[in-house]
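Asker: Structure below; questions to follow.
The values are calculated or read from the model by the stated rules, or taken from the named source; none is laboratory data. A quick note: this is a predicted structure, and the numbers were derived from the prediction, not measured. Here the Cβ positions follow ideal geometry from the backbone for every residue, glycine too, while neighbour counts run over all protein chains shown.
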Amino acid sequence: MIDKSFKDKIHQYFITKSDFLSVKDKMNERELQQYILKVIREVAKKAEIPLALSDEERLLKELTNDFITLGPLRSLLEDKSITEIMVNGYSKVYVERNGHIELTDIVFENEQQLMHTIQRIISPSGRRVDESSPYVDFSLADGSRVNIMLPPISLVGPVVTIRKFSGDINKIEDLINLKALDQRMSDFLLGAIKARLNIIFSGATGVGKTTTLNVLSRYIPSTERIITIEDTAELRLRQEHVVSLQNRSANVEGKGEIGIRDIFKNSLRMCPDRIIVGEIRGAEALDMIQAISSGHTGSLAIVHANSPFDVILRLETMILMSGIELTLENIRRQIANAIDLVVHMEQGTDGVRRVTYITEVRDVKDGNIGLEDIVVFEQEGIGSDGKVIGNWVYKKTQPLFLRKFAKQSVKLPEGMF
């Protein structure tokens, strides 16, 4: 059994007695493994430590992970049953599996190894994180979203949160199989996309908003020009004519920041057929509402909210924070005129992420925006197996946006209203 001190000697050799740091990024994984294996054998020979073949293989795997991949996190990223990885300092790594959080037996050797892994993760993104800029959001090449927070903001050491992107959820049938919605709802939502309804996807963090938007957006006709605007790149559209835009953080001198609102204003000059906003967080809410009202229909966006009603409150608040002098009544009229539908998602106690509300945004009445539920998930209880028992209930009130379906010659599911 090889102790930790021997592995430390190998690390030290790489840093002080070889050109490894200057050449490692030019190697493919096979070349890297050959280089590492050579060093392992050389250090073992000098230290007069006999290595069993099994020890040699284990060291090779661990060191390859350390230098070219994500260290101890590699196995978690490859595990398809895991949806989220949470590193709370070097000694505690949690994961979310089937909607439940559990502590793993994976640990980093020390904070230095964790920081080395962090730099490996962040390097391809072009972003930076250090004591002067101790937090960052970015995406991995596969679409997984990463958040990093360092001391002094974090009191438990470096914290890494990775929300894994599921490449297995591509079609509406995948959402049906996951029980996120049923066939009738999927037919309606696909019709809403084709009819160019303006849709807000809402819910708490990690309930599947982006995944659902991703899937539905893939049914936008390939003949349309689509502009996506994001803080952190997560959208994965399959159409060819897609222009992806992303904000830019300030540099070390505090200059060069380009915000979502600036990008949104410029996107309107790019002849978009559709605009998709990864997440509305601030004053860009006003720009989007006004753009939709002026003819940019078929827009999709995400808002963090606890209910369809909370979506409206959040939009009102964000518009008021924009600094534009508008009365609350005018703001509400603009929202009601712009947004057609709210698709709200929640994660049940059984870990299933499902659409719990499809709600129409109606006109202002008695000073308030009217909301009319089209579909509601009604929970009846919890089964002995821990699964949520419930059904989607369809309301029969005819939506006001049916004229948009007729205009685009889109047929509704039979018996929907």
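Asker: Being part of a strand (DSSP E or B) and buried (at least 17 other Cβ atoms within 10 Å of the Cβ), is that true of even one residue in the stretch 175-192? Quick ask: steps written out before the conclusion?
Answerer: Let us first name the residues in the stretch 175-192 that are part of a strand (DSSP E or B), namely none.
The answer is no; no qualifying residue exists.
Asker: Does Ile122 fit the bill of being without any contact (Cβ under 8 Å) to a residue 60 or more places away in the chain, touching a Phe, Trp or Tyr at 6+ places or on another chain (Cβ under 9 Å), under 28 Å from Asn214 (Cα atoms) and not charged (D, E, K, R)? Give the derivation first.
Answerer: Values: without any contact (Cβ under 8 Å) to a residue 60 or more places away in the chain: yes; touching a Phe, Trp or Tyr at 6+ places or on another chain (Cβ under 9 Å): yes; under 28 Å from Asn214 (Cα atoms): yes; not charged (D, E, K, R): yes.
In short, yes.
Asker: Sticking with this one: Of the residues in the stretch 298-320, how many are surrounded by 15 or more Cβ atoms within 10 Å (Cβ to Cβ), of a type outside the set (Gly, Ala, Ser) and within 21 Å of Gly259 (Cβ to Cβ)?
Answerer: Result for the stretch 298-320: 10.
Asker: Filter the stretch 219-237 down to residues that are farther than 26 Å from Arg127 by Cβ and out of contact with any strand residue (DSSP E or B) (no Cβ under 9 Å at 6 or more places or on another chain), then give me how many there are.
Answerer: Our first condition is that a residue be farther than 26 Å from Arg127 by Cβ; within the stretch 219-237, this holds for 219-225.
Narrowing further to those that are out of contact with any strand residue (DSSP E or B) (no Cβ under 9 Å at 6 or more places or on another chain): 219, 221-223.
Within the stretch 219-237, residues that are farther than 26 Å from Arg127 by Cβ and out of contact with any strand residue (DSSP E or B) (no Cβ under 9 Å at 6 or more places or on another chain) number 4.
Asker: Also: Among what's in the stretch 346-367 and is of a type in the set (A, V, I, L, M), within 26 Å of the chain's Cα centre (by Cα) and in a strand (DSSP E or B), pick the residue that is nearest to Ile82 (Cα to Cα).
Answerer: Val355
Asker: Please pick out the residue among Gly282, Gly295, Gly323, Gly351 that is free of Cβ contacts under 8 Å to residues at least 24 places away in the same chain, in the same structural domain as Ser217 (by TED's automatic domain parsing), small (Gly, Ala, Ser) and surrounded by fewer than 16 Cβ atoms within 10 Å (Cβ to Cβ).
Answerer: Gly295
Asker: Quick check on the stretch 218-230: of everything there that is surrounded by 20 or more Cβ atoms within 10 Å (Cβ to Cβ) and either within 18 Å of Asp142 (Cβ to Cβ) or within 13 Å of the chain's Cα centre (by Cα) (or both), which residue is modelled with the highest pLDDT? Talk me through it step by step, then tell me what you get.
Answerer: Kept after step one, since they are surrounded by 20 or more Cβ atoms within 10 Å (Cβ to Cβ), are these residues of the stretch 218-230: 220, 226-230.
When the remaining residues are screened for being either within 18 Å of Asp142 (Cβ to Cβ) or within 13 Å of the chain's Cα centre (by Cα) (or both), the result is 228, 230.
Details: Thr228: 91, Glu230: 86.
Ranking the candidates gives Thr228 first.
Asker: What's the total number of residues in the stretch 137-165 that are in a loop (DSSP other than H, G, I, E, B) and surrounded by fewer than 17 Cβ atoms within 10 Å (Cβ to Cβ)? Even if it seems obvious, please write down each step before you answer.
Answerer: Here is the first cut: in the stretch 137-165, the residues in a loop (DSSP other than H, G, I, E, B) are 140-144, 150-158, 164-165.
Those still in the list that are surrounded by fewer than 17 Cβ atoms within 10 Å (Cβ to Cβ) too: 141-142, 151-156.
So the count comes out to 8.
Asker: Any idea how many residues of the stretch 381-417 are in contact with a strand residue (DSSP E or B) (Cβ under 8 Å, 6 or more places away or on another chain) and touching a residue at least 24 places away in the same chain (Cβ under 8 Å)?
Answerer: 9
The rows are residues; the columns are (1) among the aliphatic types (A, V, I, L, M); (2) modelled with pLDDT of 90 or more; (3) within 29 Å of Lys179 (Cβ to Cβ); (4) out of contact with any strand residue (DSSP E or B) (no Cβ under 6 Å at 6 or more places or on another chain).
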{"residue": "Asp310", "(1), (2), (3), (4)": "no, yes, yes, yes"}
{"residue": "Met318", "(1), (2), (3), (4)": "yes, yes, no, yes"}
{"residue": "Met321", "(1), (2), (3), (4)": "yes, no, no, yes"}
{"residue": "Ile324", "(1), (2), (3), (4)": "yes, no, no, yes"}
{"residue": "Ala336", "(1), (2), (3), (4)": "yes, yes, no, no"}
{"residue": "Ile339", "(1), (2), (3), (4)": "yes, yes, yes, no"}
{"residue": "Met345", "(1), (2), (3), (4)": "yes, yes, yes, no"}
{"residue": "Val355", "(1), (2), (3), (4)": "yes, yes, yes, no"}
{"residue": "Thr359", "(1), (2), (3), (4)": "no, yes, yes, no"}
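Asker: Could you check, for the stretch 331-351, whether at least one of its residues is in contact with a Leu (Cβ under 9 Å, 6 or more places away or on another chain), of a type in the set (A, V, I, L, M) and over 22 Å from His296 (Cα atoms)?
Answerer: Within the stretch 331-351 (the criterion being in contact with a Leu (Cβ under 9 Å, 6 or more places away or on another chain), of a type in the set (A, V, I, L, M) and over 22 Å from His296 (Cα atoms)), the answer is no, since none of the residues qualifies.
Asker: Here is a follow-up. Name the helices (runs of 4 or more DSSP H) wholly within the stretch 231-340 that hold at least 1 residues that are within 23 Å of Leu400 (Cα to Cα)?
Answerer: Working: elements: 260-267, 284-293, 308-320, 328-338.
Because the criterion is at least 1 residues that are within 23 Å of Leu400 (Cα to Cα), the helices (runs of 4 or more DSSP H) in the stretch 231-340 that meet it are 284-293, 308-320, 328-338.
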